[in-house]
């Protein structure tokens, strides 16, 4: 079922009325109407289109998923596509909920592509600002855009916290190479998706404030300018976090290389220490006579050389921190 509201001079005068009554409310020039539908088919939207004279191409975009965030201009209305985002901190996965909107001088129609879009929070924003409802569709649209942009900030803040956790794991005494790599790729994938929906919103909000569209009046312009500023900040934050994740991946590879070099250095040092007694015992194991051959003095000489050579190399490598 469609959810509906009607405002007259900023005062709520009707709610949850039938869609076919929208045109009756709009006969009053002081009335503003909001209609919300969730996962409608094209036939259901045609009823609303007949009430508001909506363009056929916009109707097709409204029921087609995975549209790019955009603002299209038609003769009788504007068509808007935006995305609400949410980050699952446990998995690092970013989910998006698409919403399409038709904007006329007297009406706002929102078309949710899924039930998970938090439209109740948008309604609460409207109810919490009764002093602004007199600005009509511009106010309703601002509440919607402000909610969407706030979801960007929540997601990017959560991503920032997760990346800080990656930095702590990176320099932990215990190696977390596999976890760091897996988590880094998950967060980078979410950042790429977030950037895909945040960057186009700059143009959407900026275009909305154009005077020739006659949607945003002088009274609401500062509020839209604030939303635009938030979009810019979210975009810059997303870009910096994406660069930071790339840096973490590169640093992790560098740390792995340094750790491998340290291990190889220690293994080589021990191999050098072991090589001394191997060389000495190999020399004394020859089957030809040599000084001390077949005598106790030869045994003690080889033993002394083995111990002295091994200890000398051990102390030298220890002093250079190779062991």
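Taken together, the values in this text are just the output of simple stated rules run on the coordinates, not laboratory data. All of these numbers come straight from a predicted model, not from anything done at the bench. All Cβ positions, glycine included, derive from the backbone under ideal geometry; neighbour counts span all protein chains shown.
Here are some notes:
- Helix 221-284 and the longest principal axis of the C-alpha atoms of the chain enclose an angle of approximately 10°.
- Folded to 0 to 90 degrees: helix 137-170 orientation relative to the chain principal axis, Cα: 10 degrees
- Treating r as the C-beta distance of residue 275 and residue 176 and R0 as 45 Å, the FRET efficiency rounds to 0.80.
- Distance between modelled label sites at residue 232 and residue 299, nm, 7 Å Cα→Cβ extension: 8.8 nm
- Taking the fewest neighbouring Cβ atoms within 10 Å as the starting point, the ordered list for 3, 182, 112 is 182, 3, 112.
- Residue separation of residue 255 and residue 131 scaled by 0.36 nm, minus their Cα-Cα distance, works out to 38.9 nm of gained length.
- Two-decimal ratio, the chain, of alpha-carbon radius of gyration to 2.2 N^0.38 Å: 1.77
- Nitroxide proxy distance, nm - points 7 Å out along Cα→Cβ at residue 185 and residue 15: 4.9 nm
- Residues considered: 83, 74, 228. Largest GNM mean-square fluctuation over the chain, using C-alpha springs under 10 Å, is found at 74.
- Helical mean residue ellipticity (222 nm; -39500 (n - 2.57) per DSSP H run of 4+; nearest 500) of the chain: -20500 deg cm²/dmol
- The relative contact order of the chain comes to 14 percent, based on Cα pairs under 8 Å that sit 6 or more residues apart.
- With neighbour counts taken as other beta-carbon atoms within 10 Å, the residues 78, 260, 159 rank, fewest first, as 260, 78, 159.
- For the chain, the longest principal axis of the alpha carbon atoms and the long axis of helix 296-319 meet at an angle near 30°.
- Take the Cβ atoms of residue 199 and residue 27, set R0 to 30 Å, and the FRET efficiency comes out at 0.15.
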